[in-house]
Amino acid sequence: MAIERTFSMIKPDATKRNLTGKITAKLEEAGLRVVASKRVWMSKAQAEGFYAVHKDRPFFGELVETMTSGPTVVQVLEGENAILKNREVMGATNPANAAEGTIRKEFAVSIGENSVHGSDAPETAAQEIAYWFSGVELVG
Ligand code: ADP
Ligand code: MG
């Protein structure tokens with residue numbers, strides 16, 4: 001198995017409820033290492049750009065609104081099979097469908113306020129890391 005990097009966000013619904021540490025602990029317990037991390041309060045333009053792939057979906061306006069409603073923690077995670085492993089520990093998009101023990105099962109409020117983001121493929125991981133971090137910020 002290859003060592004990969006993936007991009008993760010702890011969303012405003014979670015930072016507002018002071019869950020940054022608990023969510024990061026779940027990632028670390030799954031064997032993922034936080035190799036870069038910062039807190040950002042994203043602008044509307046940043047949120048629209050990050051989620052541009054969803055711009056024609058009916059929930060896009062709501063998504064941009066929730067993502068700009070408070071601070072987000074953007075992170076780069078590293079580990080074996082990190083992209084898939086992170087998706088597993090996150091759980092399903094809708095917390096009603098998320099498996100026991102996953103972050104979304106434990107902490108998410110709703111499908112819109114579902115506490116975390118994680119890249120879904122190597123190409124999106126590379127794009128999303130580059131969207132928020134410069135190379136010198138990937139510390140290891
Ligand atoms: P994931 O975050 O699991 O990769 P998607 O990429 O499909 O899910 O969607 C991106 C984000 O958009 C979701 O995490 C969620 O915050 C929001 N979202 C997706 N579907 C809906 C929906 N039906 N209603 C409201 N928000 C949604
Ligand atoms: Mg997605």
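Couple of notes before you dig in:
- Cα centroid separation, segment 95-125 to segment 62-92 (Å): 7
- Based on the Kirkwood approach, the hydrodynamic radius assigned to segment 87-140 is 12.3 Å, with every pair of different Cα atoms included.
- Above-threshold pairs, the threshold being 19 Å between Cα atoms, out of Lys85/Lys105; Lys22/Lys85; Lys26/Lys105; Lys26/Lys55; Lys55/Lys105: Lys26/Lys55; Lys55/Lys105
- Averaged per residue, the chain has 51 square angstrom of accessible surface, using a 1.4 angstrom probe with ligands and nucleic acids left out.
- Taking all Cα pairs closer than 8 Å and separated by 6 or more residues, the relative contact order of the chain comes to 38 percent.
- Eigen-decomposition of the gyration tensor built on the alpha-carbon atoms of segment 1-67 gives equivalent ellipsoid semi-axes of 25, 16, 11 angstrom, largest listed first.
- log₁₀ of I(q)/I(0) at q = 0.14 Å⁻¹ - segment 28-108, Debye sum with one point per alpha carbon: -0.60
- Under 5 Å from the amide H of Glu4 lie the amide H atoms of Gly79, Glu80, Asn81, Ala82, each residue being 5 or more positions distant or on a separate chain, with H modelled from the backbone and absent for Pro and chain starts.
- Rounded percent of accessible protein surface that carbon and sulfur make up, the chain, 1.4 Å probe: 52
- From the Kirkwood radius over Cα pairs of segment 1-138, Stokes-Einstein at 4 °C and 1.567 mPa s returns a whole-number translational diffusion coefficient of 87 µm²/s.
- Sites Glu88 and Val34 - FRET efficiency at Förster radius 22 Å, r taken between beta-carbons, to 0.05: 0.80
- Asn81/Tyr51 FRET efficiency (R0 25 Å; Cβ-Cβ; nearest 0.05): 0.50
- Over the chain: helical MRE at 222 nm, DSSP H runs n ≥ 4 each giving -39500 (n - 2.57), nearest 500: -10500 deg cm²/dmol
The values are calculated or read from the model by the stated rules, or taken from the named source; none is laboratory data. Source: prediction; values computed, not measured. When we count neighbours, we look across all protein chains shown, and the Cβ atoms used for this are built from the backbone with ideal geometry, even at glycine. Heads up: the accessible areas ignore ligands, DNA and RNA and are worked out on the full protein's heavy atoms, side chains in. Shrake-Rupley method; radii C 1.70, N 1.55, O 1.52, S 1.80 Å.
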